[in-house]
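Okay, so here's the structure we're looking at.
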Amino acid sequence: MAIEGSVAVVGARSAFSLGKENAGAAYVFGIPAGSDGDAVLGQKIVLANPKANEHFGNSMILKDGHLVVGTDTQPFLYRKEGGLWVRSDDSLPYWDYPINTIRIIEDSLVIGYPMYDYARGHVLAYALVRVCE
């Protein structure tokens, strides 16, 4: 789950999406001002061409108008346009290792792979792309 201000994004990594089992989805909720905390579903985000067992919504971060949602092995960047979250044209790479953590630190997207070399206790973190201007 990712929360910023009155917006919450909840990942459903095992959701059935466009005919694919465990393809995943991300649900964007808004909490209206003056409400008792009742969230209103604003958008369901799915990949255009999902694969079974891809687990979109496995990890995510929401910061400064940028949303990054990950599958098990690839992050996807979204920007808010006209009230909807739209996938950015920015290309983020596919990785061979399971994504565990996605963070935006200052203006860079950082992806963590804590089980890269679990036997030796190594952790990988890559600063991939500048996402904030």
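By a straight-distance test (C-alpha under 26 Å), which lysines pair with Lys51 as possible cross-link partners, with residues fewer than eight away in the same chain excluded?
Lys20, Lys80
Sorting check: for 29-35, 41-47, which peptide has the highest mean count of neighbouring beta carbons within 10 Å, and how do the rest follow?
Descending mean neighbour count gives 41-47, 29-35.
What list of ³J(HN,Hα) couplings, whole Hz, do you get for the range 11-17 from phi and the Karplus terms 6.51, -1.76, 1.60, once you set θ to phi - 60° and write x for glycine and proline?
x, 10, 4, 9, 5, 7, 9
When you count, for each residue, the other Cβ atoms within 10 Å and take the mean per peptide, how do 67-80, 6-19 rank with the highest first?
The most tightly packed comes first, giving 67-80, 6-19.
Could you list which residues have their amide H under 5 Å from that of Glu54, counting only those 5 or more apart in sequence or on another chain, with H placed in the peptide plane?
Those lying under 5 Å, H to H, from Glu54 are Ala23.
When the Karplus curve 6.51 cos²θ - 1.76 cosθ + 1.60 is applied with θ = phi - 60°, which whole-Hz ³J(HN,Hα) does each residue of the range 73-79 get, with x for Gly and Pro?
3J(HN,Hα) across the range 73-79, in whole Hz: 9, 8, x, 10, 9, 10, 10.
When the Karplus curve 6.51 cos²θ - 1.76 cosθ + 1.60 is applied with θ = phi - 60°, which whole-Hz ³J(HN,Hα) does each residue of the range 48-56 get, with x for Gly and Pro?
5, 10, x, 10, 4, 6, 7, 6, 4
The numbers here are math on the coordinates, done by the rules we state, and not lab data. None of these values were measured; they are calculated from a predicted model. So basically every Cβ, Gly included, is an ideal-geometry build from the backbone, and we count neighbours across all protein chains shown.
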